[in-house]
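Trainee: Below is the structure I would like to discuss, written out as structure tokens.
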């Protein structure tokens, strides 16, 4: 007898799941809209400038150094832009590095951050002046107002007597 009662109870409860759409009397409560996602216009096209601290790491490890520099970037869309930077490092003689990169990024607007890749060319001056090519990757994070934080690394392929080196940068960007 318990089995039959349990079976009837199960059928009764299961049938209510297929009873159709609920109806409302039209009185009372209003539908509540979910909150809008946070606005993130940090990645809109436009100009940004910045400053950074950096590490210069040679592939041989002989002349590693700390330094810093400045950058300017202009994005034509939220995904593609150009970045130019100038930096100096305290090697045996001051090592100057000038770079121009094409940047492709993928904004994650729900958290206001974007991973990116970059590739381009550069000019190194120490005691010699040499051209180089670089590829790299990093992340750009919106902080507050018109300010953001970035961190990236790029591998530079040296030409001539210049050996390969890596630049690691961390800094702030400001939207103009």
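The values are calculated or read from the model by the stated rules, or taken from the named source; none is laboratory data. The structure presented is a predicted model; accordingly, all values stated were derived computationally and were not measured. As a convention, Cβ positions derive from the backbone with ideal geometry for all residues, glycine included, and neighbour counts pool all protein chains shown.
Trainee: Scan 97, 134 and give me the residue that is assigned to a strand (DSSP E or B), within 19 Å of residue 57 (Cβ to Cβ) and in contact (Cβ under 8 Å) with a residue 60 or more places away in the chain. If you could, list the steps in order and put the result at the bottom.
Mentor: Working: 134 fails: in contact (Cβ under 8 Å) with a residue 60 or more places away in the chain.
Every option except 97 fails the conditions.
Trainee: Scan the stretch 25-38 and give yes if some residue there is modelled with pLDDT under 95, within 26 Å of the chain's Cα centre (by Cα) and either surrounded by 13 or more Cβ atoms within 10 Å (Cβ to Cβ) or in a strand (DSSP E or B) (or both), otherwise no. Write out each step before concluding.
Mentor: Initially, the stretch 25-38 is screened for residues modelled with pLDDT under 95, giving 25-38.
Filter again for within 26 Å of the chain's Cα centre (by Cα), leaving 35-38.
Going one step further and asking which of them are either surrounded by 13 or more Cβ atoms within 10 Å (Cβ to Cβ) or in a strand (DSSP E or B) (or both), we end up with none.
Within the stretch 25-38 (the criterion being modelled with pLDDT under 95, within 26 Å of the chain's Cα centre (by Cα) and either surrounded by 13 or more Cβ atoms within 10 Å (Cβ to Cβ) or in a strand (DSSP E or B) (or both)), the answer is no, since none of the residues qualifies.
Trainee: Which residues, taken from the stretch 71-120, are surrounded by fewer than 16 Cβ atoms within 10 Å (Cβ to Cβ) and under 11 Å from residue 140 (Cβ atoms)?
Mentor: Matches in the stretch 71-120: 106, 108, 115.
Trainee: Also, quick follow-up: Any residue in the stretch 152-169 that is outside any strand (DSSP E or B) and under 19 Å from the mean Cα position of the chain (by Cα)?
Mentor: no
Trainee: Restricting attention to the stretch 134-148, report how many residues are in contact with a strand residue (DSSP E or B) (Cβ under 6 Å, 6 or more places away or on another chain) and surrounded by fewer than 16 Cβ atoms within 10 Å (Cβ to Cβ). Steps first, please.
Mentor: Taking the stretch 134-148 first, the residues in contact with a strand residue (DSSP E or B) (Cβ under 6 Å, 6 or more places away or on another chain) are 134-143, 146-148.
Checking the rest, the ones that are also surrounded by fewer than 16 Cβ atoms within 10 Å (Cβ to Cβ) come to 135, 137, 139, 141, 143, 146-147.
Matching residues across the stretch 134-148 total 7.
Trainee: Pick from 82, 123, 71: which is in contact with a strand residue (DSSP E or B) (Cβ under 6 Å, 6 or more places away or on another chain), touching a residue at least 24 places away in the same chain (Cβ under 8 Å) and closer than 18 Å to residue 151 by Cα? Walk me through it before giving the result.
Mentor: Values: 82 fails: touching a residue at least 24 places away in the same chain (Cβ under 8 Å); 123 fails: closer than 18 Å to residue 151 by Cα.
The match here is 71.
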